[in-house]
Amino acid sequence: MAAGVVAYFQLRAEPPLWWGFAAGPLLVAAWLLRPWPAMAGTAGGLAAFAAGFLAAQIAAARALPFDPVPSRAAIVTGWVYGVEMLPGGRRITLMDAVLEGAAAPFGRAVRIRLRAGDPAEVASGDRVRVRALLHPPMPPAYPGAWDMQRDAFFSGLSAVGTALAPVTIVGEAPNGPLVAIARWREAINARLDALLPPGQAALAQALLTGTQTAISRPDIEAFRDSGLAHLLSVSGLHIAIVIGIAAVGVRRGLALWPWAALHWPLKMLGLAAGLVAGGFYMVLTGTQVPMVRSFLMAALFAVASLTGRRVLSLRSLGLAASLLIALDPVQVVGASMQMSFFAVTALLAGAEVTGAWLRRLGCRGWAGWGAAAAGGAVLTSLLAGGATLPFSAYHFGRVQSWFVLANLAAVPLTGILVMPAGMLALCLMPFGLDAWPVWAMGWGIEATLWIARAVAALPGASFGVPHLPGWGFALLCLGLLWCGLWRSRLRWGGAALLAAGLGSVAVTRPPDLLVSADARVIAVHLAGEMFVQVTHGGGRFTEAAWQHLWNTGPPFHLPHEGRGVDGAVLCERSGCTLRPRPDAGAARLVREAERIGDCGGIAVLVSAEPARGLCAKPWPALVDRFTVWREGATAIWLEPTGVRLLTDRADRGTRPWVPPVPQPHARPPRSTLLPALEDK
C-alpha cells in the first residue's frame, strides 16, 4: 500500500480514478488463485499497491482547492481554531475566514502570526478581526525538495501571513468538541507557563499537549544533534508510557480490593483503562502519526492479549500501517511515519533474534538479570536509532554519532520521572493540586535538557551528509525492510540493497546553480562551498534547504567586485561570471541590465530581474525573474555539451496542489531593470 501511495505522488499529472479501483478485481483474483500461492501472492501484492494508490486518489479528490489569496494587505475575520505560542509571539489558525468585501469565506484554514506584544487575550473559539498580509504556502525550495504546498493541500491550509495591526476580538463561535479540546489544550499550556521557567514550560507543553512551537531554537538544535529529537515529538514512547501507567495502575489498584480481585476481570479492565487514557492523550496532543500508530498497535495488543494470541508481531505492525495508510495516505511520504514504522520494525526483528538469548541471560541470578536489562536497553537504542538514521540523513541532512549514549540516559528518565509526573499533573490540574508534580516534571525536563546539551557538545556529535537521490533512498528503505522481514539468513541480502542506496550519492551530481522561486536567492556550488546572492527579502529557509542539498556550511556572499575560488568567480559591478566546472561553459549572473554583446563561452544567463536581449544571437539559456515566476525554482547543471535546466513545475507537473501557470494579466511587480531595457 505504501508503494502505491508513493507511486501516486511521483506522477506528473492526475491519473484516472479507475486506476486505483483496480484493487477490487486484483483482490478477487488473489482469492481465486489460492491453489497457486505464488500467483495469489503476486495478485495480492498488486491489490495492496492499487489500494494504496486509490487511498491517495480519494484523499486528493476530497481535499478542497486552494482559495485565491490577495496580493495586498487585507482585513480578515474568522473564528480561532487554535492558538500556538512561539518564541517571539503567538500564531493563530482561523477557520471560515472572510476577507473584507468578499462574498464568501475561505474554504480552508488561514494561519496568521500576531504582532509581538499584541495585548489581545485570544483563545480558541473567539471570533477575531485582524489586518494581515497573506500569501500562499511556500513552493519547494528547489526542484525535488520537500513540497510544503502539498502538505498544506492535504492539511486544509490555504494561506499563511503576518498581522500588520493588533487583533480585535469581535465575538465567539458556537461551542463544539473541537473548540473545547483546543481550549483545554491552551489552559494546560497556560498553567505550565505559570509554574515553570520558559524553557522547561515549552518542553512540558510539547510532551503533554503536542505544542512544539514555543521551544527555542538552541534547545531544538541540542535535542537534534544529540539524537533525542524524538522525545520532543509525541510518539509511541510517550503513549506507551501513558497506556502502561493507566493499565498497571488500575489493575494493581483494583487488586487491593479482595472482592474485585476475585470477581472482576482485572486484566481486561486494566487494558481498557489504558486504551481510554491513551486515546485521551492522543486527542489532546493532536492525533499525530506516531501516536495513531501506537494507539492502533495498543488496541491490537489488547485484543491479542485477551484472546491468547501473540501480542507483538510484524503482522500487527503491518495491520496498523495499513489502517493508517487508508485513513491518511499522505503521511507515507513524511518523515514521521517513515521513522516511526521502521524503528518499530527494527525493534520487532531484533527481538526475534536476541529475545531468547536475553531471556536466558536474565535467568542467571541478579547479575544476569542486570546484564540482560542493560543489554536490552543498548540494543533498543541501537536498533531504533540505527533504523532511523537513513531517514534523518535524507530528510534533515544530518546524522548523530552519540545517539545511543544520549538515549540510554534520557529515555529512562523520561519514562520514570518526566511522563509519570506529567500524567499525574494532568489528573490533578482540575483540582488545583498540580503544582508539585509539574515541578517534578520540570526537574526531569531540566535533567533531560542537560543530557541533550552535553551530548550535543561532544566532538563529532552531529555532522552533515550528502543528499541522497530519491531512488537511492528507496533502495535504503527496501534494504531495511528486507533485513527486518526475513527470518532466515536471507535477511542479510538486504545489506546489498543498503550498500547500493548509500552508493547512489557517488553517481548523482547535484546542480551547479540554484535560483529560488522568487529569484531573490541565487547560489552556485563551488569547491564544496555555497556562494549566494541574496536580494531584499530573500528567505533563510531557502538557503538552509540548499545547504542540505549541497552538504555545505554557512554560505559565502558573492563579492561586488573581484576574483575568487581560483578564478572560478569573477565579479564586477554589472555581474559575475561563474565557472563551477572547468570542463563546461560559464554562467553569467546579471546584476544590471547592460548589454553584454558577445556571450561566447556563456552557457546560461541568470538574473534576479528580467534580462532578455542582453546578448547577441545565438542567445544562451536564460533563467530570470519571469522564468521563475512562471516555472518556479530552477536547478542548473553546466555540462561540456551545454546546459541542463530543471524547473519546479517540470518536476511536479500539473497536480491539484501545484498552482496553475500565472497568466499575463497577473504580472509580477514592475522590475527596476525594465526602464533600462526599454531604453535600449
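Condition check for Pro662 on (1) more than 30 Å from Ala63 (Cβ to Cβ); (2) of a type outside the set (Ser, Thr, Tyr); (3) surrounded by fewer than 17 Cβ atoms within 10 Å (Cβ to Cβ): one failure, at (1).
Residues that are among the charged types (D, E, K, R) and over 25 Å from Gly176 (Cβ atoms) were ranked within the stretch 114-124; the one that is farthest from the chain's Cα centre (by Cα) is Asp118. Yes or no: the stretch 94-115 includes at least one residue that is in contact (Cβ under 8 Å) with a residue 40 or more places away in the chain, within 30 Å of Gln547 (Cβ to Cβ) and of a type in the set (Phe, Trp, Tyr). Among the residues of the stretch 94-115, not one is in contact (Cβ under 8 Å) with a residue 40 or more places away in the chain, within 30 Å of Gln547 (Cβ to Cβ) and of a type in the set (Phe, Trp, Tyr), which makes the answer no. Considering only residues in the stretch 165-181 that are surrounded by 13 or more Cβ atoms within 10 Å (Cβ to Cβ) and part of a loop (DSSP other than H, G, I, E, B), the one that is modelled with the lowest pLDDT turns out to be Ala173. The criterion of being surrounded by fewer than 21 Cβ atoms within 10 Å (Cβ to Cβ) and touching a Gly at 6+ places or on another chain (Cβ under 6 Å) does not hold for Arg113.
Yes/no per residue for (1) modelled with pLDDT under 90; (2) surrounded by 20 or more Cβ atoms within 10 Å (Cβ to Cβ):
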| position | (1), (2) |
| --- | --- |
| Ala132 | no, yes |
| His135 | no, no |
| Met148 | no, no |
| Gly156 | no, no |
| Ala163 | no, yes |
| Arg183 | yes, no |
| Gln205 | no, yes |
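The residue that is modelled with the lowest pLDDT, among those in the stretch 584-608 that are part of a loop (DSSP other than H, G, I, E, B) and closer than 15 Å to Arg625 by Cα, is Ala593.
Conditions (1) buried (at least 19 other Cβ atoms within 10 Å of the Cβ); (2) within 30 Å of Val465 (Cα to Cα), marked per residue:
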position	(1), (2)
Thr354	no, no
Arg359	no, no
Gly362	no, no
Leu383	yes, yes
Ala387	yes, yes
Phe403	yes, yes
Ala410	yes, yes
Met419	yes, no
Leu424	no, no
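Checked against (1) buried (at least 19 other Cβ atoms within 10 Å of the Cβ); (2) more than 18 Å from Arg224 (Cα to Cα); (3) under 26 Å from the mean Cα position of the chain (by Cα), Gly444 passes all but condition (3). Among the residues of the stretch 185-206, how many are part of a helix (DSSP H, G or I), touching a helix residue (DSSP H, G or I) at 6+ places or on another chain (Cβ under 7 Å) and within 17 Å of Leu428 (Cα to Cα)? Number satisfying all stated conditions: 9.
Of the residues in the stretch 548-558, at least one is aromatic (Phe, Trp, Tyr), in a strand (DSSP E or B) and either touching a residue at least 24 places away in the same chain (Cβ under 8 Å) or buried (at least 21 other Cβ atoms within 10 Å of the Cβ) (or both). On the basis of being of a type in the set (A, V, I, L, M) and touching an Asp or Glu at 6+ places or on another chain (Cβ under 8 Å), does Ala201 make the cut? Yes. When you look at Trp450, is it assigned to a helix (DSSP H, G or I) and over 26 Å from the mean Cα position of the chain (by Cα), yes or no? Criteria not met by Trp450. Considering the stretch 459-482, and only residues there that are among the hydrophobic types (A, V, I, L, M, F, W, C) and over 30 Å from Ala321 (Cα atoms), the residue that is surrounded by the fewest Cβ atoms within 10 Å (Cβ to Cβ) turns out to be Phe463.
Does the stretch 91-109 contain any residue that is within 25 Å of the chain's Cα centre (by Cα), modelled with pLDDT of 90 or more and of a type in the set (D, E, K, R)? Taking every residue of the stretch 91-109 in turn, at least one turns out to be within 25 Å of the chain's Cα centre (by Cα), modelled with pLDDT of 90 or more and of a type in the set (D, E, K, R). Just one of the listed residues (Ala50, Ala59, Ala55) is over 23 Å from Pro659 (Cα atoms), surrounded by 14 or more Cβ atoms within 10 Å (Cβ to Cβ), in contact with a helix residue (DSSP H, G or I) (Cβ under 7 Å, 6 or more places away or on another chain) and hydrophobic (A, V, I, L, M, F, W, C), and it is Ala50. Within the stretch 207-218, the residues that satisfy the criterion of being surrounded by fewer than 21 Cβ atoms within 10 Å (Cβ to Cβ) and assigned to a helix (DSSP H, G or I) are Arg217, Pro218. Residues in the stretch 529-546 that are within 22 Å of Val505 (Cβ to Cβ) and surrounded by fewer than 18 Cβ atoms within 10 Å (Cβ to Cβ): Glu529, Ala544. Taking the stretch 221-303 and the helices (runs of 4 or more DSSP H) fully enclosed by it, the elements with 3 or more residues that are under 14 Å from Met419 (Cβ atoms) and modelled with pLDDT of 85 or more are at 236-255, 266-284. State whether one or more residues within the stretch 228-245 are buried (at least 17 other Cβ atoms within 10 Å of the Cβ), more than 30 Å from Pro469 (Cα to Cα) and without any contact (Cβ under 8 Å) to a residue 40 or more places away in the chain. So far as the stretch 228-245 goes, yes, one or more of its residues are buried (at least 17 other Cβ atoms within 10 Å of the Cβ), more than 30 Å from Pro469 (Cα to Cα) and without any contact (Cβ under 8 Å) to a residue 40 or more places away in the chain.
Counting the residues of the stretch 1-27 that are modelled with pLDDT of 90 or more, among the hydrophobic types (A, V, I, L, M, F, W, C) and loosely packed, with under 14 Cβ neighbours inside 10 Å gives 1.
Checking each residue in the stretch 485-510 for being of a type outside the set (A, V, I, L, M), farther than 16 Å from Gly350 by Cα and surrounded by 15 or more Cβ atoms within 10 Å (Cβ to Cβ) picks out Gly501, Ser504, Pro510.
Taking the stretch 448-458 as the range and being hydrophobic (A, V, I, L, M, F, W, C) and surrounded by 16 or more Cβ atoms within 10 Å (Cβ to Cβ) as the test, the residues that pass are Leu449, Ile451, Ala452, Ala454, Val455, Ala456. Being in contact with a strand residue (DSSP E or B) (Cβ under 7 Å, 6 or more places away or on another chain), under 21 Å from Arg520 (Cα atoms) and surrounded by fewer than 20 Cβ atoms within 10 Å (Cβ to Cβ) is a property that does not hold for Leu589. For the stretch 1-49, a residue qualifies if it is part of a loop (DSSP other than H, G, I, E, B) and under 25 Å from Ala474 (Cα atoms), and the qualifying residues are Met1, Leu11, Arg12, Glu14, Pro15, Ala22. Residues considered: Ala406, Ala425, Ala410. Of these, the only one that is within 31 Å of the chain's Cα centre (by Cα), farther than 25 Å from Gly386 by Cα, small (Gly, Ala, Ser) and assigned to a helix (DSSP H, G or I) is Ala425.
The values are calculated or read from the model by the stated rules, or taken from the named source; none is laboratory data. The shown structure was predicted, so the numbers you read here are calculated from the model rather than taken from an experiment. Don't worry about glycine lacking a Cβ; one is built from the backbone with ideal geometry, like all the others, and counts go over all protein chains shown.
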